[in-house]
Each structure stands twice: as C-alpha cells, then as structure tokens.
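Report on the following structure.
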Amino acid sequence: MILDHDACYRAISARDARFDGRLYTGVKTTGIYCRPICPARTPKRENVVFFATAAAAQEAGFRSCLRCRPECSPDLAIWRGTSNTVTRGLALIADGALDGEHAGVEQLAMRLGIGERQLRRLFQQHIGASPITVAQTRRVLFAKQLLAETPMPLAQVALASGFGSVRRFNTVFQKLYGKPPGAFRHARTQSAAGEDMTSTITLTLPFAPPYDWGGMLASLAARCAGGEIVDHDGWRRDIQLDGATGTIQVHLARQQPNALQAIIRFPIVTALPGIVQRIRRVFDLAADPIAIGQQLSEDALLAPLVQRRPGLRIAGRWDEDAASDASSTDGAAPHDAFDPASGRLRAAISRLTGTGMMSSQALARHAEHWRPWRAYAAAHLLAGAHDPLGEAGGPADVAA
C-alpha cells in the first residue's frame with residue numbers, strides 16, 4: 001500500500017489525530033512503530049517509513065511503541081471496498097482461524113474458496129502483511145491491552161489473546177520486546193494481578209471520530225433484537241456461546257475520548273476475542289467516517305445529509321456471520337449492502353427531492369457512484385427523510 005511520505009510526515013509532525021488508525025510510523029533508528037499522535041519527539045524525515053497497518057509495520061521488523069500504544073488506536077478497516085475476500089479473511093482471523101496448532105493459511109484459503117497463494121497476494125496488496133503476521137499482530141496488541149487494562153493472570157491473558165500456551169506467549173513477547181509479558185503491567189493493575197478475572201472484564205474500544213452515539217442507540221432500539229436492552233446510557237445484551245452464558249454492557253467511555261467501554265461478563269476466556277469482534281461489528285467501530293463522508297459528499301443529494309450526520313454508523317447484528325459477503329441483493333459486503341428495489345429507500349429520496357418515485361433501475365445506476373459505501377448512503381437518505389429536526393440538524397456527535 002503506497003502512502004505519500006510528505007503528507008504522512010506533516011501529519012506526525014502536527015500529531016494530527018485525524019490520522020490515528022490510518023497510518024503508523026516506523027522509526028529506523030529505534031526499530032519502533034508509533035501512532036501519528038505519539039508524544040515522543042518527532043523523528044527526522046529521513047529516519048521514518050510509513051505503513052497503513054500495524055501488521056505491515058510488524059512484518060517489516062518494527063515493534064509497537066510503549067508510549068503511544070498502537071493497540072489503543074482505532075482499528076479502521078481501510079481495505080473496505082477493495083477486497084471482500086480480505087474483509088472475510090480478517091473476520092475469520094479475528095475469530096481465531098489461525099490460532100490453533102493445526103490452523104494454517106491453507107485451511108483459511110480453503111474456507112474463503114481461493115488458493116493459498118492468491119490469499120497471500122491479496123493480503124500483501126491490501127494489508128501490507130501476510131495472514132500469519134496479521135494474526136500475530138492482533139494477538140500481541142490484544143494481549144498488551146489486556147495486560148494494561150485488566151488484572152487478568154498471565155495464563156488467562158495468553159489464552160484470551162490466542163497464544164494457546166503461556167510458554168509461547170512468553171517467547172513471542174521476549175522476541176519482540178526483549179522482556180516478559182508481566183513487564184507490561186500498569187501500576188493500577190499490578191496489585192490485582194493474579195486474581196481470577198474470568199467473570200468480568202472491562203475494555204476500552206476506540207473509534208475514529210465523529211461518532212453519532214445517539215443515532216446508534218436509536219438504531220439498536222428500533223430493531224428490538226432478542227436479549228438486547230437499550231437506554232439513554234448504552235446497550236446491554238445476554239449472550240450464549242459454547243454452552244456458556246453471560247452479559248455485555250457497552251457505553252461511551254467516560255475517562256477516554258473517542259472510545260466505547262465494554263463490560264464483559266463471561267466465564268470462558270478463549271471466547272473473549274470473538275466477543276470483542278462482535279461488539280466492534282455491532283457498533284461499526286471499523287468505519288472510517290472521513291473517507292466515507294468525503295466520497296458521499298460528492299453527491300449533491302447526500303452532501304447536506306452527510307454534513308448533518310458526519311458520524312453516522314450502521315448498527316450490525318450480534319449473530320451475523322462476519323465471514324459472509326452475501327449481505328446485499330448483489331452479494332456486496334455489509335458496508336456496501338444496497339437494495340435499489342426498496343420502497344422505503346425510494347420513498348425517502350422522493351421526499352428529499354420533492355420529485356416522483358425513482359425507478360429501481362435508475363436508483364441502481366445512480367448508486368454506482370456511492371460504491372463502496374452504498375449502505376451508508378442508504379442510511380443517510382432514510383435518516384434525512386425522517387429527521388424530526390429537519391434542516392436544523394441531527395443528533396449531536398460525541399466528537400468532531
């Protein structure tokens with residue numbers, strides 16, 4: 001993935017938060033990769049190289065910074081719209097497809113219906129790293145988050161982050177950082193470390209601002225899915241996985257901007273990565289609102305709607321098959337799901353434009369300009385047509 005070196009350097013020099021999650025800086029003199037908002041002194045221009053993903057930086061031999069903590073950056077799906085296969089592959093990796101002893105890239109490719117060589121090529125093209133490196137980077141960064149934010153015993157952290165054993169956990173951290181996992185404990189969690197924390201875990205899940213929190217809660221409340229409760233403060237759900245039961249609560253993080261806080265009560269630690277991935281899907285935390293807004297704003301009809309709700313997200317479903325791409329009438333991925341025959345959608349456009357009902361064929365042709373964000377375009381149109389606040393504006397965003 002090609003990044004403009006000058007533009008990236010300007011971003012890290014200004015510590016521009018808009019680029020957090022969109023690029024990572026590899027510092028040649030230290031072997032460390034950082035977020036663009038890292039508080040450390042900006043390296044010289046000739047001493048840095050830029051990557052679009054944390055996995056690409058790790059594959060190039062850099063290790064994550066201990067000051068800016070790349071595991072805390074928004075995990076943006078910057079490859080969305082370029083490859084449904086990569087999107088599905090990443091969903092399977094997040095669900096642990098490469099974590100078992102007998103798991104491998106060949107088996108992953110078979111599940112995706114393509115050859116192993118083609119899968120490796122697609123990952124290099126869109127992510128800048130191999131599937132194995134992507135899986136290891138996710139394990140390491142998730143483990144660092146658990147070490148920093150929870151007092152889970154090291155053995156539970158190893159299992160929860162997909163390492164399979166404490167020995168492998170220690171080996172990987174020693175190789176990457178030259179120190180054991182326990183050295184990454186924060187002072188506030190060190191005193192409680194060793195307690196059995198399998199029942200309750202609290203994690204911070206960052207997002208790229210702006211985020212229409214009120215709109216998200218309204219969407220979740222409107223669908224009334226079984227086992228879900230939505231109020232002014234957040235969302236709660238009962239869950240059943242692998243024969244065990246538990247609960248999840250999600251609300252805006254009060255101590256950290258641009259993040260949600262998830263309280264997870266579940267007895268099986270190995271299920272934790274999958275649970276977190278489902279929460280991220282429900283709250284659409286991988287969305288890049290700047291990229292989506294820029295493209296949709298090129299359409300005269302959508303531009304004022306995007307301006308009114310720049311942080312609009314699409315609520316996902318808890319039990320949705322994350323690896324499936326059959327989410328639209330034309331087989332598009334969820335972020336591009338679109339039904340031009342929808343009577344509600346065509347009626348919304350008619351109301352917004354003051355014209356007659358557009359035919360499904362005409363809408364399908366017009367919507368080609370909205371790819372790969374047709375689902376967001378449809379959401380803006382439906383919300384705009386039924387906005388009780390009219391032209392005055394929509395729900396307030398939590399961050400600008």
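Here, each number is a calculation from the coordinates, and none is a lab measurement. As the structure is a computational prediction, the values presented were derived from the model and not from experiment. Methodologically, a virtual Cβ is constructed for each residue, glycine included, from the backbone with ideal geometry; neighbour enumeration extends over all protein chains shown.
Miscellaneous remarks
- Shape category assigned to segment 213-339 from the gyration tensor of Cα positions, a/c cut at 1.5: prolate
- Neighbour-count ranking [beta-carbon atoms within 10 angstrom, fewest first] of R351, R35: R351, R35
- Packing-based ranking, highest mean first, of 116-126, 226-236 given that Cβ atoms within 10 Å are counted: 116-126, 226-236
- Think of the chain as having a plus end and a minus end, set by charges on the Cβ of Lys, Arg, Asp and Glu; of W235, P131, L301, P131 sits farthest toward the positive end of this dipole.
- Zone of T171's modelled label, taken as backbone nitrogen in segment 104-146 under 15 Å from a point 7 Å along Cα→Cβ: 136
- Projected-area mean, the chain, by convex hull of Cα positions, square nanometres: 20.2 nm²
- Here segment 45-120 is treated with +1 on each Lys and Arg Cβ and -1 on each Asp and Glu Cβ, and its dipole about the Cα centre works out to around 300 debye.
- With all pairs of separate Cα atoms included, segment 201-282 yields a Kirkwood hydrodynamic radius of 13.3 Å.
- The residue list L205, A222, Q249 was ranked by how far each Cα lies along the charge dipole of segment 201-282 toward its positive end, using unit charges on Cβ atoms, and L205 comes out on top.
- Three principal axis lengths of segment 5-72 [C-alpha, angstrom, descending]: 26, 25, 19
- Dipole of the chain [Lys/Arg +1, Asp/Glu -1 at C-beta], most positive-end residue of A259, T87, A315: A259
- Fraction of beta bridges assigned by DSSP in the chain that are antiparallel (%, nearest 5): 90 percent
- Here the gap between T270 and R18, fully extended at 0.36 nm per residue and compared with their Cα-Cα distance, gives a gain of 87.4 nm.
- 222 nm mean residue ellipticity, helices alone, for the chain (DSSP H n ≥ 4; -39,500 (n - 2.57); rounded to 500): -11000 deg cm²/dmol
- Put a plus charge on the Cβ of each Lys and Arg, a minus charge on the Cβ of each Asp and Glu, and nothing anywhere else: the dipole of the chain about its Cα centre is then about 1160 debye.
- Here the spin labels are modelled as points 7 Å beyond Cα on the Cα-Cβ line, and at H5 and D238 they lie 5.9 nm apart.
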